[in-house]
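Asker: Sharing a structure here in structure tokens format.
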Amino acid sequence: MTNDAPPQTAPALQIDIISDVMCPWCIVGYRQLEQALAQTGVGAFIRWHPFELNPQMPPEGQNTAEHIMEKYGASAEQSAQNRAQLVQIGEGLGIDFNFTPDSRIVNSFAAHQLLHWAQEYNLQHPLKLALFNAHFTQGRDVSDHSVLADVAEEVGLDRAQAVEVLEGGSHADAVRELEGSWTGQGISGVPAMVFEGKYLVTGAQGAENYGQVIQKIMAEKTAA
């Protein structure tokens with residue numbers, strides 16, 4: 001069970017996930033965590049926090065394959081193999097990674113602002129998942145304000161308000177502050193998950209490993 005806002009009774013676990021909409025391993029890690037929560041029968045309150053893998057990405061973005069080769073020094077073959085691996089992993093997690101020769105990495109700062117705003121309406125979690133889907137499955141440009149407003153409307157947010165948030169930049173400073181807070185705490189890669197405000201797990205660790213973390217924390221909570 002995952003919630004965007006706390007229910008009437010306190011959830012079993014608070015899990016803060018630092019991530020970027022541009023990061024395929026972030027949605028992989030979340031789906032693995034989701035499996036672990038289901039397998040252990042533990043409830044959780046999920047909060048998403050901003051991180052930009054490419055804060056200097058220009059408005060027009062960059063071709064995904066070119067970006068991977070340029071940033072990580074991967075060959076064209078290695079880049080293709082990495083995407084093929086993600087497709088295969090995604091299939092087992094219900095994620096439809098739809099990489100094409102035209103797939104692009106875009107600037108995610110506007111998306112993070114929208115996610116910060118959506119938290120006020122308890123719709124941050126569904127918006128985050130919808131943005132992952134829009135980017136990785138539908139190939140939509142989630143740096144485009146019109147696209148972002150459309151996705152916001154699809155999860156039940158007011159489209160006109162979303163446009164106002166994006167055009168006015170009302171949440172820009174708060175997002176920058178959060179990003180700085182997490183990087184200041186040593187977060188340099190995502191996904192990074194903080195359980196109960198004190199247990200940090202980095203990278204997509206797999207359902208089994210997440211399950212072990214959850215069981216360990218629950219045992220400690222029970223013994224306390």
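Every number in this text was worked out from the coordinates using simple rules, so none of it is lab data. Computed from a prediction, not measured in an experiment: that's the story for all the values here. Cβ placement follows ideal geometry from the backbone for every residue including glycine, while neighbour counts extend to all protein chains displayed.
Asker: Quick check on packing: order 165-177, 145-157 by the mean number of other C-beta atoms within 10 Å, highest mean leading.
Answerer: On the way: 165-177: 15.6, 145-157: 18.4.
Going from most to least packed, we get 145-157, 165-177.
Asker: Let me ask something additional. Averaging sequence separations of C-alpha pairs under 8 Å and six or more residues apart, then dividing by the length of region 62-105, give the relative contact order as a whole percent.
Answerer: On the way: 30 pairs, mean separation 23.8, N = 44.
Computed value for region 62-105: 54 percent relative contact order.
Asker: Could you tell me which of A204, A219, H145 has its Cα farthest along the dipole of the chain towards the positive end, charges placed at Cβ (Lys, Arg +1; Asp, Glu -1), taken about the Cα centre?
Answerer: Positive-most Cα among the choices belongs to A219.
Asker: On to the next question. Among the lysines, select those whose C-alpha is under 16 Å from the C-alpha of K221, and discard any that sit fewer than 8 residues away in the same chain.
Answerer: Of all the lysines, those that pass the test against K221 - Cα under 16 Å, at least 8 places apart if same chain - are K198.
Asker: Something else about it: Compute the length gained on full extension between S188 and N209: take 0.36 nm times their separation in residues and subtract their Cα-Cα distance, giving the result in nm to one decimal. Spell out each step's value before the answer.
Answerer: Numbers: separation 21, 0.36 × 21 = 7.56 nm, distance 2.11 nm.
Here the segment from S188 to N209 would lengthen by 5.5 nm.
Asker: Under the 0.36 nm per residue contour assumption, what length would be gained going from the current alpha-carbon distance of S181 and A38 to full extension? Please list the in-between numbers first.
Answerer: On the way: separation 143, 0.36 × 143 = 51.48 nm, distance 3.08 nm.
Length gained, S181 through A38: 48.4 nm.
Asker: Taking 8 Å as the Cα distance limit and 6 or more residues as the minimum spacing, I'd like the relative contact order of the chain as a percentage. Show your work: numbers first, answer last.
Answerer: Details: 334 pairs, mean separation 68.9, N = 224.
Over the chain, the number comes to 31 percent.
Asker: Right, next: State the label only: which of (i) 53, 43, 32; (ii) 65, 44, 30; (iii) 52, 33, 32 corresponds to Cα extents along the principal axes in Å computed from the shown model?
Answerer: (i)
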